[in-house]
Amino acid sequence: MAILVLAFIEIRETCREKHWIKFIFLVIVFVPLVVIPAYNTINYITVRTEEFSTAKNNIKYLRGETGNIIFETQKNIEEPVNLRIKDRWINLVYLTDYAIKDNKKVMINYEFGNNAIDNKKVADIGLVFTYKTRRK
């Protein structure tokens, strides 16, 4: 807060003295060094865990009933933390290639076991996805 007040005082004095080049540079520096950390203090990042399975009807497939698993989170994903099969502590973050589209949709880029049967079994058991999101 003190940095915010000091920066605002400095910008106001520069504007009054009509040092326009110094004013422009202060505004350019003010945004990334003061405004962004203040915004991140107010809107802090939380970690959410969501469960996806065919029983909850929140898993879709790329080709109707088969193909790559696609699921959509409730909040925007800032950073993925963990992906695992429910009730099994096998972390799939490093073993599974997945893509995040539109900040909410997650698509696993290949079928589990490279076939539709194993892929369906994993979807029936369920996936647990942990990710970081902004709390507003």
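Data overview
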item	result
Cut-off 16 Å, label 7 Å out along Cα→Cβ of VAL47, residues of segment 96-136 by amide N	128-135
Whole-Hz ³J(HN,Hα) from phi, Karplus 6.51 cos²θ - 1.76 cosθ + 1.60, for segment 33-47, glycine and proline x	8, 10, 5, 5, x, 5, 5, 5, 6, 6, 9, 7, 8, 10, 9
Selection from GLY67, CYS15, VAL128, by position along the positive dipole direction of the chain (Cβ)	CYS15
Which labelled figure in (1) 50; (2) 31; (3) 36 is percent of Cα pairs over 23 Å apart, once derived from the coordinates	(1)
Note, ³J(HN,Hα) from phi for segment 19-25, Karplus 6.51, -1.76, 1.60, rounded to Hz, x at Gly and Pro	8, 5, 5, 5, 4, 4, 5
By average C-beta atoms within 10 angstrom, highest first, the peptides 79-90, 64-75	64-75, 79-90
Added length on full extension, which subtracts the Cα-Cα distance from 0.36 nm per residue, ILE125 to ASN109	3.9 nm
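All of the numbers you see were taken from the coordinates with simple rules; none came from a lab. Owing to the predicted nature of the structure, the values given are computational and were not obtained by experimental measurement. Positions of Cβ are generated from backbone atoms using ideal geometry, with glycine treated the same way; all protein chains shown enter the neighbour counts.
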